[in-house]
1. Being over 22 Å from Ala17 (Cα atoms), assigned to a loop (DSSP other than H, G, I, E, B) and not aromatic (Phe, Trp, Tyr): is that true of Glu103 here?
2. Just name the residue that is modelled with the lowest pLDDT out of those in the range 58-67 that are over 12 Å from Leu15 (Cβ atoms) and assigned to a strand (DSSP E or B).
3. Among the residues of the range 33-57, which ones are closer than 23 Å to Glu99 by Cβ and part of a strand (DSSP E or B)?
4. Just to verify a result, which residue in the range 68-94, among those that are hydrophobic (A, V, I, L, M, F, W, C) and either on the phi > 0 side of the Ramachandran plot or part of a strand (DSSP E or B) (or both), is surrounded by the fewest Cβ atoms within 10 Å (Cβ to Cβ)?
5. Suppose we keep only residues that are loosely packed, with under 11 Cβ neighbours inside 10 Å and of a type outside the set (A, V, I, L, M) within the range 1-32. Which one would you say is nearest to the chain's Cα centre (by Cα)?
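The values are calculated or read from the model by the stated rules, or taken from the named source; none is laboratory data. Remember, predicted model here, so these are calculated numbers, not experimental data. Here the Cβ is made from the backbone with ideal geometry for all residues, glycine too, and neighbour counts use every protein chain on show.
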Amino acid sequence: MKKDRLALYEGMYILSATLSDDSRKKAFDKILDGITEKGGKIEKIHEQGRKKLCYEIAKKREGYYYVVYFNAPTCSITELWKEYHLHEDLIRFMTLRAETVLETLEFTPLKQAQ
């Protein structure tokens, strides 16, 4: 049997802003548990807090943002995505391959149109 290789990923998750603190923690822990159950290892978590969404998603205008860096087998990502689609408190998610783990997240403002 061929052994699947590990890769570094950056995942962004937006949870519903209507959740209580306890419910939000449980929902986020469910995401992290899914990663570790599939053979992944959490490297860094950046909690971005409550932010306004750019546009309404499922009648929601705000959400709690999290950015997670994790190592996982490449074959497990598809399985994680299937689980994310069933997660009712998860408004949006995105998983990208990363080259390094960022210790701090810094966003530069867009240049103004002239």
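1. Numbers: over 22 Å from Ala17 (Cα atoms): yes; assigned to a loop (DSSP other than H, G, I, E, B): yes; not aromatic (Phe, Trp, Tyr): yes.
Yes: the conditions hold for Glu103.
2. Filtering first and then ranking leaves Arg61.
3. We begin by selecting, within the range 33-57, every residue closer than 23 Å to Glu99 by Cβ; these are 35-36, 38-48.
Answer for the range 33-57, where residues must be closer than 23 Å to Glu99 by Cβ and part of a strand (DSSP E or B): Lys41, Ile42, Glu43, Lys44, Ile45, His46, Glu47, Gln48.
4. First pass over the range 68-94, keeping only residues hydrophobic (A, V, I, L, M, F, W, C): 68, 70, 72, 75, 77, 80-81, 86, 90-91, 93-94.
So of that shortlist, the ones also either on the phi > 0 side of the Ramachandran plot or part of a strand (DSSP E or B) (or both) come out as 68, 70, 72, 90-91, 93-94.
Working: Val68: 21, Phe70: 24, Ala72: 23, Leu90: 19, Ile91: 19, Phe93: 17, Met94: 11.
Going through the qualifying residues, I end up with Met94.
5. Here is the first cut: in the range 1-32, the ones loosely packed, with under 11 Cβ neighbours inside 10 Å are 1-3, 5, 20-22, 29.
Still in the running and of a type outside the set (A, V, I, L, M): 2-3, 5, 20-22, 29.
On the way: Lys2: 28, Lys3: 26, Arg5: 21, Ser20: 19, Asp21: 17, Asp22: 18, Asp29: 11 Å.
Out of the qualifying residues, it is Asp29.
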